[in-house]
Amino acid sequence: MKAMVMRGFGPPEVMQLEDVPTPEPGPGEVLIEVHAVSVNRTLDLTVRAGQYPRPVRLPHVLGVDPSGVIVKLGPGVTSRRVGDRVATYLRLNPEDGKSAPELLGLTVWGGYAQYVKLPAARTYLVPDGLDLDTATVVARHAPLAFSMLRDKAKLVPREWVLVMGAAGGLGSSAVQTAKYLGARVIAGAGADERVAAALRLGADFGVNYRAADLTAEVKRITGGTGADIVLENIGDPDLFSRAFISLGRGGRLVTAGAHGGGIVPVNVSHLYINHLTIIGWTGQSDADVNDSLKAAAQGHLHVLIDRSLPLSAAAEAHRIVAARSGLGKVILHPRSID
């Protein structure tokens, strides 16, 4: 099969299209012909640059969220059939709180390839009518948005939710998930066109936090009470602190991102005087994935896709994502080589 293999860390050009053996599914595993895989800033660009905090063994193939069609079953697999259209989850071993995570595209070869193998238990049937590009983006981001808002922040209908980075992969999913769960949503983004995109996805209000006083705008929109929940996935020192100060009494900030730097100041007086909570979270359940795919198939979740490229254009895709020059996800199609 063809795969984009990296044999060293560095610029996008370290990824080269190579012929490598097609993997053979073992017991409990399936082989998937990959139709779509997205390009992620942290889990692809940071890994490729050699800056990911966990060790990555070379040679390596990136790609944490492939979707495609099952073409072969390993011994003992009865829950899936050849021909099933499936999305995937990057954690391959059970989350038991003890074992180190085995992660698709990080500790094992991922989906920048024509075929990928993984446990059948980490595949999710894609509902009829939902295309695989959309399924890739939904399965990558929406389950975490559901888990962060519904399970960790304990969102209650009519609460005010401020979503930071609201036109990004996780942010755009969070805008829609919050609306789906009954919230009133303020979309925070760093450019007018990104604010407009989040408003088209259902946000009630939008703030360009590069051009306006974020805290003042949130207080104005909420009638002075502040946000009940902030979903933060940037980790920029200035933006994080302004979003945090936007919380009203009893508010919760839940975060799962640090591409803006990750070391942030916290106003401790605001924290304890207003009985606030800060939650870090990256988990999700099988139910979160299935609920997200179902919601997308029913038209409740939409995705922003900037462009789709063939597998051989992976380096170009990385440059586009690094430059933040597009709006929405960049998708690779491994079945299209050139």
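Annotation for the stretch 17-62 versus the stretch 186-231: alpha-carbon center distance of 36 Å. Looking at the chain only, what percent of DSSP beta bridges run antiparallel? Nearest 5 please. If I count the DSSP bridges inside the chain, around 50 percent turn out antiparallel. As a proxy for reagent exposure, Lys98, Lys329 were ordered by neighbouring Cβ count within 10 angstrom, fewest first; the result is Lys98, Lys329. When the chain is treated as a GNM with alpha-carbon contacts under 10 Å, the residue of Ser99, Ser67, Ser308 showing the greatest mean-square fluctuation is Ser99. Structure remark: mean-square fluctuation, Gaussian network model of the chain, C-alpha springs under 10 Å; the largest value among Ala287, Ala314, Ala196 belongs to Ala287. Taking amide H atoms as placed 1.01 Å from N in the peptide plane, the amide H of His302 has no partner under 5 Å among residues 5 or more positions away or on other chains. With a Förster radius of 51 Å applied to the C-beta separation of Asn274 and Gln16, the computed FRET efficiency comes to 0.45. Of (i) 1.22; (ii) 1.42; (iii) 0.99, which one was derived for Cα Rg over 2.2 N^0.38 Å from the structure shown? So the structure-derived entry is (iii).
Extending 7 Å from Cα along the Cβ direction at His259 and again at Met1 yields two label points whose distance is 2.5 nm. Cross-linked pairs Lys219/Lys329; Lys117/Lys329; Lys2/Lys72; Lys154/Lys179; Lys72/Lys294; Lys72/Lys117: Cα-Cα separations exceed 20 Å for Lys219/Lys329; Lys117/Lys329; Lys72/Lys294.
When the chain is treated as a GNM with alpha-carbon contacts under 10 Å, the residue of Ile234, Ile245, Ile263 showing the greatest mean-square fluctuation is Ile263.
Bear in mind that the values in this text are calculations on the coordinates, not laboratory data. Everything numeric here is computed off the predicted structure, so don't read it as measured data. All Cβ positions, glycine included, derive from the backbone under ideal geometry; neighbour counts span all protein chains shown.
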